[in-house]
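Okay, so here's the structure we're looking at.
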Amino acid sequence: MATVGKSKGASLSVETSLYSTPLADVHAALGAKMVGFGGWNMPLQYESILAEWEHNRRTVSLFDCSHMGEFMIKGDAKACGLDTIVVQTIADMPVNTCRYGAMLNEAGGVIDDLIVYRKGPQDWMIVVNAANIEKNARHFRAHLNSNAQFEDASFKTAKLDVQGPQSRDVLKVLAPGIEKLAYYTFGQFQIKGIPCLISRTGYTGELGYEIYCSWEKCKEIWQNILDNATVKPTGLGVRDVLRVEMCYSLYGHELGEDISPREAGLDKFIDGKKDFIGARALSARHLKRTIGYFISASRKSPRAGNKIFDAAGSEIGVVTSGTFSPALQVGIGIGFMNRHSKDAGIEIFFGDEKSKTAATVAKRPFYKNGSLKS
């Protein structure tokens, strides 16, 4: 298939207009089912979703997340304008730590959620969602000043996620010292002589690590990890099930430019004492709805776009994400509801006017037995 290079590393399929990661041929050889996600051709699954869920929750899985975006910024956080772009506190971050947060538009809506890595006193890496790389890069370039150096390294930086309760045991053999990493910290390591940035972060609710390396060396690291028979390659299909069980937000579902971070339940990540883009609009917005979580009374799963009704049949919200939970053996969902309907224990219904399924509002997360901070 013919491809067109966008920049160093990534390639764009002429026929499908999807970018490919450096592992595209590896996924094909392993028999992965491929789908489009965020503008990229990505592995959905290698075996059944249930089998991949079981393996991740019990042992360790390897995900190709090279579609994610990485921006490299040099400069003092406040002097270069970076501090005003993101909602979270970053000026006081110790080196080799990272923080989750977001950046907003002037109306207080979420342009994207992101993680800020502090590599040095004036050295930063920002990890963003794949579908938003180009608009995010424009936003950073527009709001950073001349004191900043900005590089979009998304198409030359690969990302592999090693996730599961046995991830530490697997990875410490290849990268000695990672066992010392605390949650949301990172360091510089080598895997078989290949330089990597490895952070103790993830999107599954299990103990896990995210590995950033050069595009060209990604295959070598992938294979080195898979050489351990305990590890299995895993697709994005089960990753979505895992994140819904943990009640993690996904851009385009629980987050968007017309959704405020407070509606999305991200209050604890917002530094209300500093000035940032969208802060004034955010403080002025009246909170009419907020994120809520619910458990179906049956195995029937809610779907994004389903309506949410109260016990009297009045429409009170909309489902943003839903799936069948292998852990609970019932359907689970996330959605926006009016503020008075999100308290745990309240009976609600999801579906449409013709067909409604009973559910109960619950506290997050749905899955409570993860190894995340072990």
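Out of the residues in region 66-83 that are of a type in the set (A, V, I, L, M) and open to solvent by 10 Å² or more (accessible area, probe 1.4 Å), which is farthest from the chain's Cα centre (by Cα)?
The extreme case among them is ALA79.
With respect to the numbered conditions (1) free of Cβ contacts under 8 Å to residues at least 12 places away in the same chain; (2) part of a loop (DSSP other than H, G, I, E, B); (3) in contact with a strand residue (DSSP E or B) (Cβ under 9 Å, 6 or more places away or on another chain), which one is the sole condition not fulfilled by HIS253?
(1)
Among strands (runs of 3 or more DSSP E) lying entirely in region 141-224, which contain 1 or more residues that are open to solvent by 10 Å² or more (accessible area, probe 1.4 Å) and free of Cβ contacts under 8 Å to residues at least 60 places away in the same chain?
Here the list reads 186-191, 194-199, 208-214.
With respect to ILE348, determine if the residue is assigned to a strand (DSSP E or B), farther than 30 Å from ASN56 by Cα and in contact with a helix residue (DSSP H, G or I) (Cβ under 7 Å, 6 or more places away or on another chain).
Judged against the criteria, ILE348 is a match.
Every residue in region 263-296 that is open to solvent by 80 Å² or more (accessible area, probe 1.4 Å) and either part of a loop (DSSP other than H, G, I, E, B) or aliphatic (A, V, I, L, M) (or both), please.
Matches in region 263-296: LYS273, ASP275, ALA284, ARG285, HIS286, LYS288.
Among (1) within 24 Å of PRO326 (Cα to Cα); (2) outside any strand (DSSP E or B), there is one condition LYS232 misses while meeting the rest; what is its number?
Checking LYS232 against (1) within 24 Å of PRO326 (Cα to Cα); (2) outside any strand (DSSP E or B), the one that fails is (2).
Is it the case that ILE126 is under 20 Å from the mean Cα position of the chain (by Cα) and within 25 Å of LEU23 (Cα to Cα)?
yes
Residues are listed down the side, and each one gets a yes or a no for (1) at positive phi; (2) of a type in the set (A, V, I, L, M, F, W, C); (3) at pLDDT 95 or above; (4) out of contact with any helix residue (DSSP H, G or I) (no Cβ under 8 Å at 6 or more places or on another chain):
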{"position": "LEU12", "(1), (2), (3), (4)": "no, yes, no, yes"}
{"position": "VAL26", "(1), (2), (3), (4)": "no, yes, yes, no"}
{"position": "ASN41", "(1), (2), (3), (4)": "no, no, yes, no"}
{"position": "LEU44", "(1), (2), (3), (4)": "no, yes, yes, no"}
{"position": "TRP53", "(1), (2), (3), (4)": "no, yes, yes, no"}
{"position": "THR59", "(1), (2), (3), (4)": "no, no, yes, yes"}
{"position": "HIS67", "(1), (2), (3), (4)": "no, no, yes, no"}
{"position": "ILE73", "(1), (2), (3), (4)": "no, yes, yes, no"}
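For residues that are open to solvent by 70 Å² or more (accessible area, probe 1.4 Å) and assigned to a strand (DSSP E or B), tally how many sit in region 120-140.
So the count comes out to 0.
Any residue at all in region 104-124 that's of a type in the set (Asp, Glu) and in contact with an Asp or Glu (Cβ under 6 Å, 6 or more places away or on another chain)?
No: region 104-124 contains no residue that is of a type in the set (Asp, Glu) and in contact with an Asp or Glu (Cβ under 6 Å, 6 or more places away or on another chain).
Restricting to region 316-345, what's the tally of residues that are in contact (Cβ under 8 Å) with a residue 60 or more places away in the chain, outside any loop (DSSP other than H, G, I, E, B), touching a Lys or Arg at 6+ places or on another chain (Cβ under 8 Å) and open to solvent by 10 Å² or more (accessible area, probe 1.4 Å)?
2
Criterion first (in contact with a Pro (Cβ under 7 Å, 6 or more places away or on another chain), modelled with pLDDT of 95 or more, buried (at least 18 other Cβ atoms within 10 Å of the Cβ) and under 18 Å from GLY164 (Cα atoms)) does GLY237 satisfy it?
Against the criterion (in contact with a Pro (Cβ under 7 Å, 6 or more places away or on another chain), modelled with pLDDT of 95 or more, buried (at least 18 other Cβ atoms within 10 Å of the Cβ) and under 18 Å from GLY164 (Cα atoms)), GLY237 does not qualify.
The values are calculated or read from the model by the stated rules, or taken from the named source; none is laboratory data. Everything numeric in this text was worked out from a predicted model, so none of it was measured. Quick reminder, even Gly has a Cβ in these numbers, built from the backbone with ideal geometry, and neighbours come from all protein chains shown. Protein only, heavy atoms only, side chains kept; ligands, DNA and RNA dropped before computing areas. Shrake-Rupley method; radii C 1.70, N 1.55, O 1.52, S 1.80 Å.
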